[in-house]
Amino acid sequence: MRRNAFTVRPAAVRNKIYGEPVYFMRDDEHLIGLCRTLYRLTLTLLCLSLVSGLLASQAPGPVFKSETDLQSVPVRVVDKQGKDVTGLGVNDFTLLEDGHPAKIAFFAAEHQPISLAILVDTSNSMSSSEKIGRIQSVLTPLLHASRPDDEVFLMQFTNQVGPLETLTAEQRLNPPLAAVTSTRGGTALYDALATALCRLEAAKNPQRAIVVVTDGVDQNSRLTFQQLLNFAQSSRPQIFMIGFFSAWESDLYRDRSKPVLLVSGRQVDNPLVAFDRLAKESGAVSFFPTSQQGLEKSLNKIANILRAQYTLAYYPGNAGQRHDIQVRVKHKGYKVTTRRSIGAETGGGELVHFVTNSCEVSAKEHPYPWEPLVTETAGKTPLYRDDFSNPKSGWPDRNGSQYKSGSYELSSKGKSNATLTSAVAAELGMGRMGEQLSTAAGSAGVIAANGPWWENFRASASVGGGGGLAADGLVFHLNERGYYAFLVTDAGRANEISFKLVKQFFGGFNEAVLIPWTDLAVPAVPGGRKLEHRVSVECNRGEITLRIDGQLAKTIHDATFSNGLVGFALFGDGHVEFRDLRAESLP
């Protein structure tokens, strides 16, 4: 809203100011006429100024400086039973900025027009568990609850962020949810949220909110959680987070004091902690349903909250600074929920950067750790090479999975991030390794993965220099559903190696042997040096080709996992070093 202004018709202004004509005279007469005109003009402007100020001072309601300075603060009030409290007035509230009372310039108890963005995770895991279908069936009530003066947006995201599409009034009644289908990739939740926050800065309604539905942890964002949180704290929208996890996923995340260890070896933020923090800082709520009924209740609850909220607005003391805010209500037993801060982003190293004239997170300012190692081949396809000389290129770096001088080492000394079932362990023991490997393989397994997400590709690495009884090699197409593992072992044999190919599913611990342990003759290594082999895998539209030291080992067709990461695996008791990883996309 803008300051009230006194207005008159342009014609009336012209008549009052220029009512008496000015003629060209001799110098003295001209000067006298000009002075009279200027005197009348001055009196007229003075009267207009006085009248305008008088009318502005008598105008009812608050006087606003400008739209850009006014900060809207949605406020929710509940009683001891958690029910929303309605019917309160402006005198029931006190707003504090940095601990000091601030004047409430605007107050509304009724539902205000809202700009609402709905973000839906459409990664592989959402499709494999049929969660996408459940979300499609329950989003409709949330969209139907919107009003004609609301803005509603819809965006889907995976490891890439889709466009934020504006829904028309007709689309809200018949939402185009058929477009919300699972696509490739992991989850770039933080990037998606930052893009939506950026887009909503241009929203037409002061009240703004984002609803996120996801079943995963953030794995693929360029932004860190702290960068996103800092941006969310300086933005207006409320962020309602829905973590649609299965029962076993919820159990996995229950210990909020620990980060989540992915099967790739990376540690990521615990979603229960991250989602709660984002919601509370923005004055919203997080939900963690484990069923379709729970999801529906969560979405209905969000719709009710948005309708029951009060809207307060005030002018910050300094809009260029971050301010802590607090809203209190003058009634005992009532609980107030609102955002915790407003104002500009703080912390130079934690700022979010977007591509110029867009809301796309800047790849230049926020590169992935491995991105500087990606070049372009002569055929214009991406090539990723890592000699592991830089310990900041993004691979897990801790005891058991660590950088060494010019190599990357996996060590399985009772530590595991890839639990094996007894069936998998027994299968690993088949072949010439006998029962010794079977017992060792069941004790631990370690996987590490990094780099770009691949579909059709060729990858290779040198493997060896380790010790102990173990099976090791490449993992590929590692995604939320599972992975393939191309494993080799030589058991100290100088001229023979055994290999196998398995695919592993997550969640149900289902494992399938695609190629059982198979022997392959290789050139003997003279001088008794440590054995090292070059293993490679090629995936081309479901055709999987395995090679060892340049020799064709086996070709098989399986398209269960069509995309994912490339990495290393070690099963058994020992350690192994990997050198000179090379992966490139196929045309």
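The values are calculated or read from the model by the stated rules, or taken from the named source; none is laboratory data. Everything quoted here is computed from the prediction, not taken from an experiment. With ideal geometry, Cβ positions are generated from the backbone for all residues, glycine too; neighbour counts draw on all protein chains shown.
So for the stretch 412-427 (the condition being modelled with pLDDT of 95 or more and part of a strand (DSSP E or B)), does at least one residue qualify?
Looking through the stretch 412-427, none of the residues is modelled with pLDDT of 95 or more and part of a strand (DSSP E or B).
When you look at Ala378, is it touching a residue at least 60 places away in the same chain (Cβ under 8 Å) and small (Gly, Ala, Ser), yes or no?
no
Please go through (1) modelled with pLDDT under 65; (2) buried (at least 16 other Cβ atoms within 10 Å of the Cβ); (3) in a loop (DSSP other than H, G, I, E, B) for Phe509 and return the number of the only condition it doesn't satisfy.
Condition (2) is where Phe509 drops out.
Considering only residues that are modelled with pLDDT under 90 and buried (at least 19 other Cβ atoms within 10 Å of the Cβ), which ones fall in the stretch 288-298?
Residue satisfying the conditions is Leu295 alone.
Taking the condition farther than 30 Å from Phe231 by Cβ, of a type in the set (S, T, N, Q), modelled with pLDDT under 95 and surrounded by 12 or more Cβ atoms within 10 Å (Cβ to Cβ), does Asn399 pass?
Considered against the rule, which asks whether it is farther than 30 Å from Phe231 by Cβ, of a type in the set (S, T, N, Q), modelled with pLDDT under 95 and surrounded by 12 or more Cβ atoms within 10 Å (Cβ to Cβ), Asn399 comes out as no.
How many residues, within the stretch 324-344, are more than 23 Å from Val273 (Cα to Cα), surrounded by fewer than 19 Cβ atoms within 10 Å (Cβ to Cβ) and not aliphatic (A, V, I, L, M)?
6
Take the residues in the stretch 112-128 that are of a type in the set (Val, Ile, Thr) and closer than 13 Å to Phe157 by Cβ, then tell me which one is modelled with the lowest pLDDT.
Of everything passing the filter in the stretch 112-128, Thr122 is modelled with the lowest pLDDT.
Among the numbered criteria (1) surrounded by fewer than 18 Cβ atoms within 10 Å (Cβ to Cβ); (2) under 23 Å from the mean Cα position of the chain (by Cα); (3) outside any loop (DSSP other than H, G, I, E, B), which single criterion is violated by Asn304?
Among (1) surrounded by fewer than 18 Cβ atoms within 10 Å (Cβ to Cβ); (2) under 23 Å from the mean Cα position of the chain (by Cα); (3) outside any loop (DSSP other than H, G, I, E, B), Asn304 violates only (2).
May I ask you to list the residues in the stretch 366-378 that are in a loop (DSSP other than H, G, I, E, B) and either aliphatic (A, V, I, L, M) or modelled with pLDDT under 95 (or both)?
Thr377, Ala378 - these are the residues of the stretch 366-378 that are in a loop (DSSP other than H, G, I, E, B) and either aliphatic (A, V, I, L, M) or modelled with pLDDT under 95 (or both).
Condition (residue is touching a residue at least 12 places away in the same chain (Cβ under 8 Å), more than 27 Å from Gly162 (Cβ to Cβ) and assigned to a strand (DSSP E or B)) applied to the stretch 351-358: is it met by at least one residue?
Checked against the condition, which is being touching a residue at least 12 places away in the same chain (Cβ under 8 Å), more than 27 Å from Gly162 (Cβ to Cβ) and assigned to a strand (DSSP E or B), the stretch 351-358 yields no hits at all.
What are the pairs, 6+ residues apart or on separate chains, where a residue within the stretch 270-287 that is surrounded by fewer than 24 Cβ atoms within 10 Å (Cβ to Cβ) has its Cβ under 6 Å from a residue that is among the acidic types (Asp, Glu)?
Short answer, once both residue conditions are applied: Ser286/Asp276.
Among the listed residues Asp251, Asp255, which satisfies the condition of being in a loop (DSSP other than H, G, I, E, B), surrounded by fewer than 24 Cβ atoms within 10 Å (Cβ to Cβ) and of a type in the set (Asp, Glu)?
Sole residue among the options that is in a loop (DSSP other than H, G, I, E, B), surrounded by fewer than 24 Cβ atoms within 10 Å (Cβ to Cβ) and of a type in the set (Asp, Glu): Asp255.
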